[in-house]
Amino acid sequence: MNDNLRGSEPIVTDPPAVDTSRVSKIAESNFGKDGTASELGGERDQNFRVDTDEGKRFVLKIFNRADERGVLDFRTQAIQHIQSTNHDLPVMEIVPTVDGDPWTSIEENGKSYFVQMFTFVSGQKVSFEGLDDDTLYAYGESVAKMGQALRGFFHSEAQYDILWDLRHASDFRSLLESVSDDQRRDTAEKVLDQFEEHVEPEFDSLRAQVVHNDLGPDNVLFNDNNRVSGITDFGDLTYTALVCDLAVVLANVMNRHKDPISAAQSVVRGYVSVTPLEEKEIRLLPDLVLTRLVVRGIMHAWKSEKYAHNTDNANELWESLMALEETGSEVMIRLLRIAALESNVPYPQIETSELISRRRQVLGSARLSYREPVHFVAGDGVWLFDQSGNRYLDAYNNVQVVGHANDTVAAAIESQTRKLTTNTRYLHESIVTLSERILDTMPDELDSVLLVNSGSEANDIAWRLATASTGREGGIVTDHAYHGITDATTTLSPEDWIDGHHPNHVETVSPPVDNSRYHGSVSTNSSETISDGLAALENRETGLAAFLFDPLFASAGILPPDTEKLSQMVDQVHEADGLVIADEVQAGFGRTGSNMWGFEAADIVPDIVTMGKPMGNGHPVAAVVTRSDIASTLREHPGIFSTFGGNPVSSVAALAVLDVIENENLVDHASDVGGYLQDGLGQLAAKYDLIGEIRRSGLMIGIELVQDQKTWTPATSEATEVVNRLRQRQVLIGSTGKHENVLKIRPPLVFDKYHADHLLENFDAVLSTMEGTI
């Protein structure tokens, strides 16, 4: 671009060239300050320190002749406004002329310049490279307080064109040819692309006001305790997005600090302690930081060609920019969001080793996932982030069914929390609306909802309903099933039975699988059929209350059922006057990719349906759905009530989950991506004998590992190794099944095909390193 770059006049116009002797005379004649002047330097203006005979110090500024009277008045009134709203901000004060005016003008070599004098603020410039967290936190506070002080200020010249207003960043694209280094130019172009794609469309919707816009190392002084003691130079003052003020500061800090991400987090923590950031500001902040660095880099290249008086070394800037660009906006968003939200949570962030030690002291031997535990601090969609900003692909956590930190769910929870949270003995629309929405997805026979807090509680209530409704105590569950942690549900969970323990009132049966496809073994202690199970209970003089099953039989190794066999089992239970309970905690909410609920694939109608885990996307909410005649056995006598079950906050969380599943068509998406992933896994199965069988329903996939495909010997240790090696490669899956040899893949339903590719690539890499090593 040429010299007509918007707002570039002060840069392309030669700065004043007044000598110190002349400045001393100006100080005396125009401001009444008799002293000695010494030059301080400046990019576009001339700045001098004036030491008077009385030992006082002042700063005299001779402005670039491109600065107009209205702009000077804008800056003057801004400084005065700050001093009237926050007396503690160490802003330089304006020293009036001998005539009482805020500035004067001089003629020099036939040219006119405005001149202004300020009080001298104490302190020194510091190197940002090694500033500690406390200093950076306090720095962030000062930046926010400056913005706070300017919040109510405006001036007719506030929106004049200024080169450094990031809203005009796209203008710099025309100067890219000034950047001679190919790598630097490519990086700059990429950052500007991201700015135009992410920031530009939303810039005008950001909070806007007059901001200082250059609270960097040249304009902020620190005292001996490393606290801000002076704020100078309002030459970049402008009306723009508030978050730009912070972005400029972060660009300066991250460009210079030895640990840029950590330093930026400390500044953000301090900033939000005064001025909380809005979600959109957090999301756009990394792109604004990178754009600021690009603008500086391009300007340096341009000025070095044209204006020798306005150049400095930019190598460190470009190196920093390229390193941060490689880190990526997504990672920076996650880490800056963590910092922005920390001021709102009642706990400090702790180093992983210390956290493990403290956890062990208060939680004992409570199990952690993976040999090397992971310390996550944030999530986004299918990604989780650790303390260092490392990104992990989450292909395991079905609780966050619509993705980690889902905006819709989080906004619903926050909004309702600020309005009301109480219990269900008061009227509220949310619990009724949620119950109606759930019933809309159910068979017509199911017309009553009980809202609780967890899947275990839901199954416990379901079991109480079954025993109260039938007057019997016997239960049938499938081999190696899991249904909860309460006393009642533990007895219905063979997976958790201690060896040799078999509750007298419970009988296990084999899952209804197609034996021609499923090669795994079933328990020799389980009945083969429902008829066998009924006979076993009868022999123990125990009548059947209910058959409780997970439609995907996940704990047994993820066994999508033979629907005809499952339907026959249900018919047999009903013929024995027992109830059928479908535990949809794992299979529900679109996981199967064919229907909202797992039981629908078999075209059966359970008497009771339970749901939990994904229902609130991580918020504790669960439900029991049944017929009114069954629900009445507890509701009417002795009565049932859950204090927090269905409270307004939990209800809106669940409503938001239903909205996202419907609006984003996630049921069909689970089918599509699940099929794509299965195809890729099939290719790996042809390559590695360790993979015995792949079983899938939607986005619930089990990969059974075997040591020998003829003997079908479970590859338990190999499965454990795969899970942990994938964790080392920052991909998360789990294992399941009686022998823990089935790899479990059940990601959030927003998991996409490129995420599947990432998983397949890493799974292939892990399997290739294991051949012959286990």
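Among the residues making up the stretch 86-98, a single one is open to solvent by 50 Å² or more (accessible area, probe 1.4 Å) and in contact with a strand residue (DSSP E or B) (Cβ under 7 Å, 6 or more places away or on another chain): 93. In the stretch 629-656, the residues that are at positive phi reach residues that are buried (at least 18 other Cβ atoms within 10 Å of the Cβ) with C-beta atoms within less than 6 angstrom, at least six apart or across chains, in these pairs: 646/424; 646/431; 646/451. For the stretch 570-580, filtered to residues that are in contact with a helix residue (DSSP H, G or I) (Cβ under 6 Å, 6 or more places away or on another chain) and open to solvent by 20 Å² or more (accessible area, probe 1.4 Å), the residue that is nearest to residue 461 (Cα to Cα) is 576. When the criteria are applied in full, residue 432 meets the requirement of being open to solvent by 50 Å² or more (accessible area, probe 1.4 Å), modelled with pLDDT of 95 or more, β-branched (Val, Ile, Thr) and within 34 Å of the chain's Cα centre (by Cα).
Residues in the stretch 69-85: is at least one in a loop (DSSP other than H, G, I, E, B) and either in contact (Cβ under 8 Å) with a residue 24 or more places away in the chain or open to solvent by less than 80 Å² (accessible area, probe 1.4 Å) (or both)? No, there is no match, as no residue in the stretch 69-85 is in a loop (DSSP other than H, G, I, E, B) and either in contact (Cβ under 8 Å) with a residue 24 or more places away in the chain or open to solvent by less than 80 Å² (accessible area, probe 1.4 Å) (or both). Does residue 452 satisfy being surrounded by 23 or more Cβ atoms within 10 Å (Cβ to Cβ), within 23 Å of residue 579 (Cα to Cα) and not aromatic (Phe, Trp, Tyr)? Taking the combined requirement at face value, the residue satisfies it.
Flag: residue 355 does not match the condition of being farther than 29 Å from residue 717 by Cβ and either aliphatic (A, V, I, L, M) or loosely packed, with under 10 Cβ neighbours inside 10 Å (or both).
The residue pairs whose first member lies in the stretch 325-354 and is closer than 18 Å to residue 391 by Cα, whose second member is part of a loop (DSSP other than H, G, I, E, B), and whose beta carbons are closer than 6 Å, counting only pairs six or more residues apart or on different chains, are 331/389; 335/389; 352/375. Open to solvent by less than 30 Å² (accessible area, probe 1.4 Å), among the hydroxyl-bearing types (Ser, Thr, Tyr), over 20 Å from residue 320 (Cα atoms) and touching a helix residue (DSSP H, G or I) at 6+ places or on another chain (Cβ under 9 Å), is that true of residue 178? Considered against the rule, which asks whether it is open to solvent by less than 30 Å² (accessible area, probe 1.4 Å), among the hydroxyl-bearing types (Ser, Thr, Tyr), over 20 Å from residue 320 (Cα atoms) and touching a helix residue (DSSP H, G or I) at 6+ places or on another chain (Cβ under 9 Å), residue 178 comes out as no.
Filtered by the rule that a residue be on the phi > 0 side of the Ramachandran plot and open to solvent by 40 Å² or more (accessible area, probe 1.4 Å), the stretch 393-415 gives a lone residue, 405. Restricting attention to the stretch 107-154, the residues that are in a loop (DSSP other than H, G, I, E, B) and of a type outside the set (D, E, K, R) add up to 13.
Does the stretch 623-640 include one or more residues that are at pLDDT 95 or above and open to solvent by 60 Å² or more (accessible area, probe 1.4 Å)? Yes, the stretch 623-640 has at least one match.
Going by the conditions given, is residue 670 open to solvent by less than 50 Å² (accessible area, probe 1.4 Å), modelled with pLDDT of 95 or more and touching a Leu at 6+ places or on another chain (Cβ under 6 Å)?
Here the answer is yes, as residue 670 does meet what is asked.
Checked against (1) small (Gly, Ala, Ser); (2) within 19 Å of residue 696 (Cα to Cα); (3) in contact with a Gly (Cβ under 6 Å, 6 or more places away or on another chain), residue 555 meets all criteria but (3).
If I ask for residues that are crowded, with 16+ Cβ neighbours inside 10 Å and among the basic types (Lys, Arg), which ones from the stretch 673-716 would you list? Within the stretch 673-716, 695, 696 qualify. Residue count for the stretch 179-203 satisfying the condition of being within 27 Å of residue 71 (Cβ to Cβ) and either at pLDDT below 95 or touching a Gly at 6+ places or on another chain (Cβ under 9 Å) (or both): 0. Whether any residue in the stretch 607-619 is closer than 20 Å to residue 432 by Cβ, under 26 Å from the mean Cα position of the chain (by Cα), open to solvent by 10 Å² or more (accessible area, probe 1.4 Å) and in contact (Cβ under 8 Å) with a residue 12 or more places away in the chain is what I want to check. Within the stretch 607-619, one or more residues are closer than 20 Å to residue 432 by Cβ, under 26 Å from the mean Cα position of the chain (by Cα), open to solvent by 10 Å² or more (accessible area, probe 1.4 Å) and in contact (Cβ under 8 Å) with a residue 12 or more places away in the chain. Scanning the stretch 102-111 for residues that are under 54 Å from the mean Cα position of the chain (by Cα) and either at pLDDT below 95 or under 14 Å from residue 26 (Cβ atoms) (or both) yields 103, 104, 105.
Pairs linking a residue in the stretch 156-175 that is buried (at least 16 other Cβ atoms within 10 Å of the Cβ) to a residue that is of a type in the set (Gly, Ala, Ser), with Cβ atoms under 6 Å and 6 or more positions apart or on different chains, are 157/70; 162/7; 163/7; 163/8. Entry remark, the stretch 546-562: residues being in a strand (DSSP E or B) and either within 17 Å of residue 705 (Cα to Cα) or in contact with a helix residue (DSSP H, G or I) (Cβ under 6 Å, 6 or more places away or on another chain) (or both) number 2 in total.
Name the residue, out of 418, 437, that is surrounded by 15 or more Cβ atoms within 10 Å (Cβ to Cβ) and among the charged types (D, E, K, R).
Going through 418, 437 in turn, the sole match is 437.
Considering each of 704, 740 in turn, give the residue that is in contact (Cβ under 8 Å) with a residue 40 or more places away in the chain, charged (D, E, K, R) and closer than 30 Å to residue 478 by Cα.
704 is the lone residue from the list that is in contact (Cβ under 8 Å) with a residue 40 or more places away in the chain, charged (D, E, K, R) and closer than 30 Å to residue 478 by Cα.
Has the stretch 743-761 got at least one residue that is at pLDDT 95 or above, over 28 Å from the mean Cα position of the chain (by Cα) and open to solvent by less than 10 Å² (accessible area, probe 1.4 Å)? There is no residue in the stretch 743-761 that is at pLDDT 95 or above, over 28 Å from the mean Cα position of the chain (by Cα) and open to solvent by less than 10 Å² (accessible area, probe 1.4 Å). Reported count of residues in the stretch 21-68, each being assigned to a loop (DSSP other than H, G, I, E, B), open to solvent by less than 30 Å² (accessible area, probe 1.4 Å) and of a type in the set (Lys, Arg), is 1.
Scanning the stretch 99-119 for residues that are touching a Ser or Thr at 6+ places or on another chain (Cβ under 8 Å) and open to solvent by 40 Å² or more (accessible area, probe 1.4 Å), which turns out farthest from residue 154 (Cα to Cα)? Of everything passing the filter in the stretch 99-119, 112 is farthest from residue 154 (Cα to Cα).
The values are calculated or read from the model by the stated rules, or taken from the named source; none is laboratory data. Being a predicted model, the structure only gives us computed values, none of them experimental. Cβ coordinates were reconstructed from backbone atoms using ideal geometry, including for glycine residues, and neighbour counts include every protein chain displayed. Side chains included, ligands, DNA and RNA excluded: accessible areas come from the protein's heavy atoms. Shrake-Rupley method; radii C 1.70, N 1.55, O 1.52, S 1.80 Å.
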